[in-house]
Amino acid sequence: MATADARRAASALNRLGLGARNGEIAALGDAESWALGQLRRRADDLGVFAGLPDSLDYLRKEAQLQQQRRALKREEAGQPAPTVPGKDGKDGKPVNPLARLYARMFGADLRREASARWRLAARSDTPLAERLVRFWSNHFAVSVDKGPARLYAAPMEREAIRPHLNGRFYDMLLAVEQHPAMLRYLDQAQSVGPDSPLAERVDRRLARRADGQPARKLGLNENLAREIMELHTLGVGAHYTQTDVTQFARALTGWSLPLPRELEQDDVRRAFKFRPFAHEPGSVTVLGRTYADDGENQAKAILADFAVHPATARHLATELATHCVSDTPPPELVSAMAQAYLASGGMLPALYAALLQHPVTWAPQARKIRTPQDLLVAGLRAGAIDPGDKPQPWEGFLMRLGQPTFMPRSPAGYTDVAADWVAPDALWKRVQVGEALAERVARVGLDPRALAAGVIGPVLRPDTLTALARAEAPEQAVALLFASPEFQWRV
């Protein structure tokens, strides 16, 4: 394979994919054809998600948890929290029985969710599709440090993003915004139209109270509306106003979840529920267009217009080009992607194809830092490491490196700009993680220099090869490979 072709193959696997496995670069063939071929394939989940609960299952189990918690609180009313004896024979920290109950009901499921994701990343034969899944999952970020959303981030990736990866952006957008993860994370389930029948009924009830105690009134929550406009669709520079956000939030009222008592009924088939009683009546005007009151469809019509808005096209193109090509993507690439997306009526394959067919994407100067998640996945693939069914070590590495799974602590998601990941302390932690990965690489038949050439390709520097040759042991050489600049970057 010519050097230029080998470089493009390495870029396809390491920058656009999840990381080359040994020998894949040499066997890839034409890089652009391979990449476009990946788009024609569904993201193969290899069956790793089989048997996992769906969001409706989790909602039902949560309802059961709340019942058990109420019973537990009644039983333990007035009793001190139990303690656990420490190793020194003294009393340890109090045990939180509610936390213990949560762990008993959901701990195994959460571990299975995490394990499935690691195994898929390590083994996938559709790595470009997997990268896109993770890109969109971060674009529609949900942070599990907000308790009500904790169970639903992984199911949202499975249920709302994977099925729509190669379809219309609107379909993915709608599936995400109606998913329990987003409804919980951005407090939409509590948003009630100020003039809705539900709000008026509650106001009348409060007016009749004679105890003088204040009570929380129902009202509008703008969080979901604001983040849809700012992060999910139009982008910050789209010149919408606070009034637009408020009007959109009014249209979204009524988008909610099944109540615990409803979940006991056999006819509940979705983890989304539209509540007409909580919907704000009347038309709304957003970005100069008026939308008639049509219940759930009012907000859906606004989303449909957002999905094919020129500002959305540019916002999505900029984010994807930044993720795949450069921290500062060339304007001509962004324009070509946005134009292709709009011409297709908002089809995601058109956005992807415009990226892959542009010469800038394959230019030698295109490169991206490997985020902590990228680095670990690339190490698993390069070293043929089986992540097993216990995700704790890998999740622990991510916690140390500052990118715990589904925990960006912001609706904006994790950044993948190099400046945010290359502080001196972070670089040292990357070296330590590289050493830990190297310890898990099989020793039998291991040739570190051949491995380096097989997973990095023609960008492998002579200095790195020399360092590998001087290593005292094969595992030390592999650790040096994982810590090398060529491996730290998606080139």
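Just the residues that are touching a residue at least 60 places away in the same chain (Cβ under 8 Å) and over 28 Å from residue 306 (Cα atoms), please, taken from the range 338-371.
Selection gives 362, 364, 366, 367, 368, 369, 370.
Residue 387 - would you say it is surrounded by 20 or more Cβ atoms within 10 Å (Cβ to Cβ), outside the structural domain of residue 107 (by TED's automatic domain parsing) and assigned to a loop (DSSP other than H, G, I, E, B)?
yes
Output the residues belonging to the range 446-459 that are more than 11 Å from residue 379 (Cβ to Cβ) and outside any loop (DSSP other than H, G, I, E, B).
Pass one, the range 446-459, residues more than 11 Å from residue 379 (Cβ to Cβ): 446-454, 456-459.
Listed by number, the residues that qualify are 448, 449, 450, 451, 452, 453, 454, 456, 457, 458, 459.
Take the range 352-371 and flag every residue that is out of contact with any Lys or Arg (no Cβ under 7 Å at 6 or more places or on another chain), in a helix (DSSP H, G or I) and either surrounded by fewer than 23 Cβ atoms within 10 Å (Cβ to Cβ) or acidic (Asp, Glu) (or both).
Selection gives 353, 356, 359, 360.
Would you confirm whether or not the range 202-222 contains a residue that is hydrophobic (A, V, I, L, M, F, W, C), within 23 Å of residue 300 (Cβ to Cβ), modelled with pLDDT of 95 or more and surrounded by 14 or more Cβ atoms within 10 Å (Cβ to Cβ)?
yes
Taking the condition in contact with a His (Cβ under 6 Å, 6 or more places away or on another chain) and polar (S, T, N, Q), does residue 233 pass? Quick ask: steps written out before the conclusion?
Values: in contact with a His (Cβ under 6 Å, 6 or more places away or on another chain): no; polar (S, T, N, Q): yes.
In short, no.
For the range 24-43, enumerate the residues that are at pLDDT 95 or above and not in a helix (DSSP H, G or I).
Hits for the range 24-43 are 28, 30.
What number of residues within the range 126-136 are of a type outside the set (A, V, I, L, M, F, W, C) and either surrounded by 23 or more Cβ atoms within 10 Å (Cβ to Cβ) or modelled with pLDDT under 95 (or both)?
Going through the range 126-136 one residue at a time, the tally reaches 3.
Listed residues 77, 71; which is in a helix (DSSP H, G or I), of a type in the set (A, V, I, L, M) and at pLDDT below 95? It would help to see each step written out before you state the result.
Numbers: 77 fails: in a helix (DSSP H, G or I).
From the options 77, 71, the qualifying one is 71.
Only residues that are hydrophobic (A, V, I, L, M, F, W, C) and not in a helix (DSSP H, G or I): list them for the range 115-141, please.
140, 141
Name the one entry in 443, 430 that is outside any helix (DSSP H, G or I), charged (D, E, K, R) and assigned by TED's automatic domain parsing to the domain that holds residue 380.
443
The values are calculated or read from the model by the stated rules, or taken from the named source; none is laboratory data. Values in this document were obtained by computation on a predicted structure and should not be read as measured data. Because the Cβ atoms are built from the backbone with ideal geometry, glycine has one as well, and the counts that use them run over all protein chains shown.
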